[in-house]
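Every number in this text was worked out from the coordinates using simple rules, so none of it is lab data. Quick caveat: nothing in here was measured; it's all calculated off a predicted structure. Cβ: placed from backbone, ideal geometry, glycine included. Neighbour counts: every protein chain shown.
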Amino acid sequence: MTTSIERTITVPFAHRVYFTCAVFSPQNRLLAEILSLAQAKDQAKALVVVDENVATAFPQLTDEIASYFSLESSPARLVRPPLLVLGGETAKKDTDLVDKLHHQIERYGICRHSYLLGIGGGALLDAAGFAAATAHRGVRHIRVPTTTLSQADGGVGVKNGINAFGKKNFIGTFAPPFAVINDSDFLAPLPPAEKRAGLIEAIKVALIRDAVFFSEIERSADELARFEARATEPVIRRCAELHVRHIAESGDPFEFGSARPLDFGHWAAHKLEQMSGFAISHGTAVGMGLALDVLYSHKKGMLPKASMERVLTLLQKLGFAMHDPLMSQTDPDGNALLLEGLQEFREHLGGELTITLLAGIGRGVEVHEIDTKLMQDCILALAQRSAP
């Protein structure tokens, strides 16, 4: 005789994303207020990890962090000076950083009512978030993204992970951070390529969700190309808002299904990063992936030519490359190696292949089959379009 017990488990999460400047100034009480949300009886512990490049760009940062937590009114105590680590893809290329953070968490008695603060770009936040999610089955994690890409996209999400087996984000978790603090001051010293990177995620989400937002990006393209703060900061906020709204309202925040619309253009981007040994940055790869899927959407008769040209023109105006020689590499049978990314994308999601394409500006649609011959033709067309 077979019996069963089944109950639906509902777990509410508060997903908090804040926008500020000078987050570690004694006059800015935002972080202190966030640390007070848990209403602990005793002063909590805090461990802070900082991207070395950020610390170099802001030489006073570690002292400011220490001073902030030493204030008498601070709800949390810093257990050690901020830990400086290598950021970028180095942070998540293997388990080294995660292991180091686990050791620090164990050494200083960081518990489920303590905090791990990560300050850096998306890769560092991915690794720090994974360490926080897996220590004690979950330590409170506060993200302080320091790049346009992480403030607009990766840093405000609920995913954490590291690379393994040559594949991006093969090991990871879904774990919403306790809070995300976007401090605009961190963006000023970024090199042009990193300032540009966050704009591609804004274009992506506008293309699949918000035609008005896309038009706004077009109108401010000249200011965005010059990275003027008055144009860039509203774009980052709107992009983050649309991402958080999708997480909260899509009905699938932890991606149990096969659809992943926010990864429009990413099947090719992830494969291209992998093929380059992650020498091609995520933002640059997504620009190429978007261009490819936009062109394919047009060639399949889904997207009008005028709409396709609007997108490709905007990408060029903002300085995004649309093709890299790696995209044209083929196997002995003449098949583009990039197309292997379709199968890897399906495996990563599970279930049937689900790719988001465009039926119009602001109108993302899901398809389950890709004409690989046509996609290969699109790769060739982008190479020709990008030739001097």
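Given the -39500 (n - 2.57) contribution per DSSP H run of 4+ residues, what per-residue ellipticity at 222 nm results for the chain, rounded to the nearest 500 deg cm²/dmol?
-13500 deg cm²/dmol
If each of R80 and F254 carries a label point 7 Å out from its Cα toward its Cβ, how far apart are those two points in nm?
Each label point lies 7 Å from its Cα, and together they span 3.1 nm.
With the Cα gyration tensor of region 164-255 in hand, give its eigenvalues times 5 under a square root as the equivalent ellipsoid semi-axes, listed largest first in whole angstrom.
25, 18, 14
What is the extension gain from A22 to A279, computed as 0.36 nm multiplied by their sequence separation minus the C-alpha to C-alpha distance, in nm to one decimal?
Value of the extension gain: 89.4 nm.
Over region 17-187, how many percent of alpha carbon pairs lie in each 5 Å bin up to the one with the longest distance?
1, 9, 20, 24, 23, 15, 6, 2, 0, 0
Suppose each label sits 7 Å from its Cα in the direction of the beta carbon; what would the Q316-H103 distance come out to in nanometres?
5.2
Over the chain, what is the relative contact order in whole percent, taking alpha-carbon pairs under 8 Å and six or more residues apart?
13
When the chain is fully extended, how far beyond the present Cα-Cα distance does T95 get from R245, taking 0.36 nm per residue of separation?
Net length gain for the segment: 50.9 nm.
Give me the tail of P(r) for the chain as a percent: Cα-Cα pairs with distance above 29 Å.
Summing the P(r) of the chain above 29 Å gives 43 percent of all pairs.
Can you report the principal axis dimensions of region 63-109 using only the alpha carbons, biggest first, rounded to whole angstrom?
Principal extents (largest minus smallest coordinate, Cα): 39, 23, 13 Å.
Would you please state which residues of region 320-340 a label at D377 would reach in this model, taking the label point 7 Å out along Cα→Cβ and a backbone N cut-off of under 16 Å?
Hits in region 320-340 for D377 at 16 Å: 336.
Would you calculate the separation in nanometres between label points at A188 and Q43, each defined as 7 Å from the Cα along the Cα-to-beta-carbon direction?
Inter-label distance under the simple model: 3.1 nm.
Set the Förster radius R0 to 25 Å, insert the Cβ-Cβ distance between F170 and N335 as r into 1/(1 + (r/R0)^6), and round the FRET efficiency to 0.05.
0.60
Taking every DSSP beta bridge that has both residues in the chain, what percent is antiparallel when rounded to the nearest 5?
Antiparallel bridges: around 30 percent, rounded to the nearest 5.
To the nearest 10 degrees, how steeply does helix 340-349 sit against the main Cα axis of the chain, on a 0 to 90 scale?
It is inclined by approximately 40 degrees.
With an 8 Å cut-off on Cα pairs and a minimum separation of 6 or more residues, tell me the relative contact order of region 17-187 in percent.
Dividing the mean separation by the residue count of region 17-187 yields 25 percent.
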